[in-house]
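Asks: Pasting a structure below so you can have a look.
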Ligand code: UDP
């Protein structure tokens with residue numbers, strides 16, 4: 001995909017439709033992708049945290065979520081096609097998942113929030129398979145068990161909602177073991193979906 005470098009982070013320039021097509025190919029080919037929905041706070045964090053910068057640089061796909069990132073691309077005279085908001089991409093991927101009966105694992109947020117999110121998404125997208133879900137309040141000692149639960153359920157998509165400072169490092173740390181075509185941090189999205 002064509003990208004524009006913003007402080008060395010390669011941000012995708014394509015629109016929502018092309019982003020979804022690209023990730024559909026990733027699912028078809030079982031190629032693992034960490035998808036980061038970049039906003040200025042994340043870019044600023046990366047600028048004074050080398051470990052976080054490394055995560056942003058090694059993500060297989062970074063999309064321009066924040067309008068500040070869209071603006072930065074324009075400023076570099078390499079405009080992106082449009083803003084690709086994480087919340088919209090989540091829904092577009094589920095809509096696409098309806099066509100292919102994708103399996104989806106939901107990780108993060110409080111227990112009641114994630115339960116309600118799983119139920120509402122299943123109602124809204126009846127043809128996707130919720131392969132599993134679990135809340136996001138756990139420490140590193142639970143990682144092994146959680147990774148096992150996720151991989152056993154063989155999802156096509158994994159959405160992680162734990163706040164940007166922790167969800168992106170968590171995905172980056174385990175992505176080669178998780179080996180899921182689409183692994184994406186979704187911040188507060190489940191709080192919105194669950195109402
Ligand atoms: N969250 C979580 N585990 C944590 C901290 C936060 O699952 O240890 C969830 C929280 O319930 C919320 C989501 O992560 O659903 C995003 O949190 P927040 O809005 O605080 O983070 P931000 O997106 O602002 O970075």
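Each reported figure results from applying straightforward, stated rules to the coordinates on display, with no laboratory input. For clarity, every value in this text was computed on a predicted model and none was experimentally measured. Cβ: placed from backbone, ideal geometry, glycine included. Neighbour counts: every protein chain shown.
Asks: Rank the residues 123, 37, 151 as a footprinting-exposure proxy: fewest other Cβ atoms within 10 Å of their Cβ go first.
Replies: Sorted ascending by nearby Cβ count, the order is 123, 151, 37.
Asks: Where both residues lie in the chain, what percent of DSSP beta bridges are antiparallel, nearest 5?
Replies: 15
Asks: Taking just the C-alpha trace of region 110-195, give me its Rg and Dmax in Å.
Replies: 12.4, 34
Asks: With N residues in region 11-168, what two-decimal value do you get for its Cα radius of gyration over 2.2 N^0.38 Å?
Replies: The value comes to 1.07.
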